[in-house]
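Engineer: Pasting a structure here, questions to come.
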Amino acid sequence: MTDKTMTAEDVVARLRSGMTIGIGGWGSRRKPMALVRALLRTGITDLTVVSYGGPDVGLLAAAGRIRKLVTAFVTLDSIPLEPHYRAARESGAFELMEVDEAMFMWGLHAAANRLPFLPVRAGIGSDVMRVNPALRTVTSPYADEASGIREEFVAMPALRLDAALVHMNRADRAGNGQYLGPDPYFDDLFCEAADAAYVSCERVVDTAELTKEAAPQTLLLKRSSVTAVVEAPNGAHFTSCVPDHGRDEAFQKLYATTPYAEFADRFLDGGEHAYQSAVQAWRKEQRQ
């Protein structure tokens, strides 16, 4: 099988300004933060970002890299509203397509199946249609047997991605990816909806190890839908990646309460090793 391992720098070198980038995870959980940090070290901008948003969106928004955001929410979980996202939205920094969580999921399903849209009940009767005037509805060609009524649905457009960035607990060199936590967070759909999918992981292991100590259903990503694999220990920090590590709540609070320029100057100006070292130095300061 092909060895698909790369560095984070190799991955972001394949990305371009103006792309539509899907970012896996959920809120402040199992986000591919090492890849996001690598992206921030480039000059790439004018992005359409598709994400169940967390600090990935907050960092890219604060850095001025987003032209349009497609999301159902942007949260740090224990901090309900991502502060850098909020500031960017209040200043009108980018276009927003905000949809229901189920609509978002069906948009990924449509893209994964190379369909232009999928019908979904979510959104009917809500303000989703008002705030997204480009959305359309579709009437079922089949009448209900009892009532004879043809139901109306939202026609959720496919969320087709140029590239997807996701983070797994484990992966092999061929691109098979495994999650060991409680939730897949739709990372498989992000990969299948994308022209290229880049997977960071806590540890690259031999293929046989993927099922040695975990159930086969934890094998979330198939190598056929993965372009490259990046070994990035602690690469989801400061978001959670259980059981490898929980969310770093103290550091997340620091992130949420520090002006972006100050945070970036201390933690983001170097490479990933510099970031992890700066985090360790900050922790040491807190113990003194």
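Engineer: Of all the helices (runs of 4 or more DSSP H) wholly in the stretch 203-288, which have at least 2 residues that are small (Gly, Ala, Ser) and loosely packed, with under 14 Cβ neighbours inside 10 Å?
Structural biologist: By residue number, 272-287.
Engineer: Next question. Suppose we keep only residues that are basic (Lys, Arg) and within 9 Å of the chain's Cα centre (by Cα) within the stretch 22-46. Which one would you say is surrounded by the fewest Cβ atoms within 10 Å (Cβ to Cβ)?
Structural biologist: Residue satisfying both the conditions and the ranking: ARG30.
Engineer: Also: For TYR198, only one of the following conditions fails: (1) closer than 21 Å to GLY246 by Cβ; (2) assigned to a strand (DSSP E or B). What is its number?
Structural biologist: (1)
Engineer: Might you let me know whether the stretch 181-194 holds any residue that is free of Cβ contacts under 8 Å to residues at least 12 places away in the same chain and either small (Gly, Ala, Ser) or assigned to a strand (DSSP E or B) (or both)?
Structural biologist: The answer is no; no qualifying residue exists.
Engineer: Looking only at residues in the stretch 37-53 that are touching a strand residue (DSSP E or B) at 6+ places or on another chain (Cβ under 7 Å) and not aromatic (Phe, Trp, Tyr), which one is farthest from PHE186 (Cα to Cα)?
Structural biologist: Ranking the candidates gives ASP46 first.
Engineer: Are any residues in the stretch 100-135 under 23 Å from the mean Cα position of the chain (by Cα) and of a type in the set (S, T, N, Q), and if so, which ones?
Structural biologist: ASN113, ASN132
Engineer: Those residues that are under 16 Å from the mean Cα position of the chain (by Cα) and not in a strand (DSSP E or B), I need them from the stretch 86-99; list them, please.
Structural biologist: Once the filter is applied, which keeps residues that are under 16 Å from the mean Cα position of the chain (by Cα) and not in a strand (DSSP E or B), the stretch 86-99 yields only VAL99.
Engineer: Could I ask something else about it? Kindly evaluate ALA87 against the criterion of being surrounded by 16 or more Cβ atoms within 10 Å (Cβ to Cβ), in contact (Cβ under 8 Å) with a residue 24 or more places away in the chain and farther than 20 Å from GLU192 by Cα.
Structural biologist: Against the criterion (surrounded by 16 or more Cβ atoms within 10 Å (Cβ to Cβ), in contact (Cβ under 8 Å) with a residue 24 or more places away in the chain and farther than 20 Å from GLU192 by Cα), ALA87 does not qualify.
Engineer: Looking at the stretch 47-56, is at least one residue part of a helix (DSSP H, G or I), farther than 21 Å from ARG130 by Cα and under 12 Å from the mean Cα position of the chain (by Cα)?
Structural biologist: yes
Engineer: Go through the stretch 139-163 and give me each residue that's farther than 30 Å from ALA13 by Cα, of a type outside the set (S, T, N, Q) and surrounded by 11 or more Cβ atoms within 10 Å (Cβ to Cβ).
Structural biologist: Hits for the stretch 139-163 are ALA143, ARG150, GLU151, GLU152, PHE153, VAL154, ALA155, MET156.
Engineer: Can you say whether ALA38 is in contact with a helix residue (DSSP H, G or I) (Cβ under 8 Å, 6 or more places away or on another chain) and outside the structural domain of VAL230 (by TED's automatic domain parsing), as far as the supplied structure shows?
Structural biologist: no
The values are calculated or read from the model by the stated rules, or taken from the named source; none is laboratory data. Please read these numbers as outputs of a predicted model, since none were measured by experiment. Every residue, glycine as well, gets a Cβ built from its backbone with ideal geometry; the counts of neighbours run over all protein chains shown.
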